[in-house]
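Scroll down for the structure; my scribbles are underneath it.
The values are calculated or read from the model by the stated rules, or taken from the named source; none is laboratory data. Treat the numbers as computed from the prediction; the structure is a model and nothing was measured. Neighbour counts are summed over all protein chains in view; Cβ atoms, including those assigned to glycine, are modelled from backbone coordinates with ideal geometry. The protein model used for the area step is the full one, side chains on, heavy atoms only, and it has no ligands, DNA or RNA in it. Shrake-Rupley method; radii C 1.70, N 1.55, O 1.52, S 1.80 Å.
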Amino acid sequence: MGEIIKCNFNLFNEGRKYTGHHRNYILESAINVCYAPETREGIRLREKLGYLGHGRREIARKLQLAEVEPVRLPDGSTIIVENIPSNITVFFEVNKDGNVEHHQELLDTAPGKVVAGLNISKVGGFSWACGGVDGGAIGATKLTNFHGFDYVMNPGFAENRGYILESADGKAR
């Protein structure tokens, strides 16, 4: 079992003023997605995978990645991309106040080792990969499914970083 990184953030406080997505999340949708039977089963079966960055999901144009994905390049050719996860969601909760807590187990893979190094260096944080309707800064964002937490350089919620939490002895990690 790899290192566990514990994170907390609030859906209504992204911790950013000048950068970020400034989404208005519908709380009930986040709670429903978190406690949906398919989410709970995926966590129990260790299938809610995370990757180094959202890029793999973006270029594959889907949230649920296979071990390999064909990717079409701008010139029309296709390449095969291997999707090796860096982490796995082992705990995920959302409460009625919009507080989200999740725990990510770092995997003993090359991307997992990169994520461990970035986290130790206090660079980057986690970003959830959820399907739904993105309302942007002026509309409502409704989540419909959950696929895991990716490790990104600029997490949408500034507090979604394992190294800013304080441990029981009061020392920041």
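Selection of the stretch 103-125 for residues being open to solvent by less than 40 Å² (accessible area, probe 1.4 Å) and in contact with a Ser or Thr (Cβ under 9 Å, 6 or more places away or on another chain) yields H103, Q104, E105, L106, L107, T109, P111, G112, V115, A116.
Scanning the stretch 136-159 for residues that are modelled with pLDDT under 80 and open to solvent by less than 50 Å² (accessible area, probe 1.4 Å) yields G136, F157, A158.
Of all the listed residues (K48, K113, K62), the sole one being without any contact (Cβ under 8 Å) to a residue 60 or more places away in the chain and under 17 Å from F146 (Cβ atoms) is K62. Scanning the stretch 16-53 for residues that are open to solvent by 50 Å² or more (accessible area, probe 1.4 Å), in a loop (DSSP other than H, G, I, E, B) and at pLDDT below 95 yields R16, K17, Y18, T19, H21, H22, R23, I26.
Say whether the condition of being under 30 Å from I31 (Cβ atoms), at pLDDT 95 or above and not β-branched (V, I, T) is met by at least one residue in the stretch 67-81. If you could, list the steps in order and put the result at the bottom.
Here is the first cut: in the stretch 67-81, the ones under 30 Å from I31 (Cβ atoms) are none.
No, the stretch 67-81 contains no residue that is under 30 Å from I31 (Cβ atoms), at pLDDT 95 or above and not β-branched (V, I, T).
Looking for whichever is in a loop (DSSP other than H, G, I, E, B) and either in contact with a helix residue (DSSP H, G or I) (Cβ under 6 Å, 6 or more places away or on another chain) or of a type in the set (K, R) (or both) here; the options are K113, K122. Which one fits?
Details: K113 fails: in a loop (DSSP other than H, G, I, E, B).
From the options K113, K122, the qualifying one is K122.
Candidates in the stretch 67-102 are the residues that are of a type in the set (S, T, Y) and over 22 Å from the mean Cα position of the chain (by Cα); of these, the one that is most open to solvent (accessible area, probe 1.4 Å) is T78.
Being out of contact with any His (no Cβ under 6 Å at 6 or more places or on another chain), within 28 Å of I138 (Cα to Cα) and of a type outside the set (K, R) holds for only one residue in I26, I43, and it is I26.
Any chance you could count how many residues in the stretch 2-12 are closer than 15 Å to G136 by Cα and at pLDDT below 90?
Of the stretch 2-12, the ones closer than 15 Å to G136 by Cα are 11-12.
Next, only the ones that are at pLDDT below 90 stay: 12.
The qualifying residues number 1.
When you look at V100, is it farther than 24 Å from C34 by Cα, in contact with a strand residue (DSSP E or B) (Cβ under 7 Å, 6 or more places away or on another chain) and β-branched (V, I, T), yes or no? No, not satisfied. Apart from one condition, W128 fits all of (1) of a type outside the set (S, T, N, Q); (2) at pLDDT 95 or above; (3) under 20 Å from E58 (Cα atoms); (4) buried (at least 21 other Cβ atoms within 10 Å of the Cβ); the exception is (2).
How about the stretch 125-145: which of its residues are over 9 Å from the mean Cα position of the chain (by Cα) and either of a type in the set (A, V, I, L, M, F, W, C) or assigned to a loop (DSSP other than H, G, I, E, B) (or both)? V133, D134, G135, G136, A137, I138, G139, A140, L143 - these are the residues of the stretch 125-145 that are over 9 Å from the mean Cα position of the chain (by Cα) and either of a type in the set (A, V, I, L, M, F, W, C) or assigned to a loop (DSSP other than H, G, I, E, B) (or both).
Suppose the filter is touching a helix residue (DSSP H, G or I) at 6+ places or on another chain (Cβ under 6 Å), at negative phi and either outside any helix (DSSP H, G or I) or not small (G, A, S) (or both); does E69 pass it? Reasoning before the result, please.
Working: touching a helix residue (DSSP H, G or I) at 6+ places or on another chain (Cβ under 6 Å): yes; at negative phi: yes; either outside any helix (DSSP H, G or I) or not small (G, A, S) (or both): yes.
So E69 fits the description; yes.
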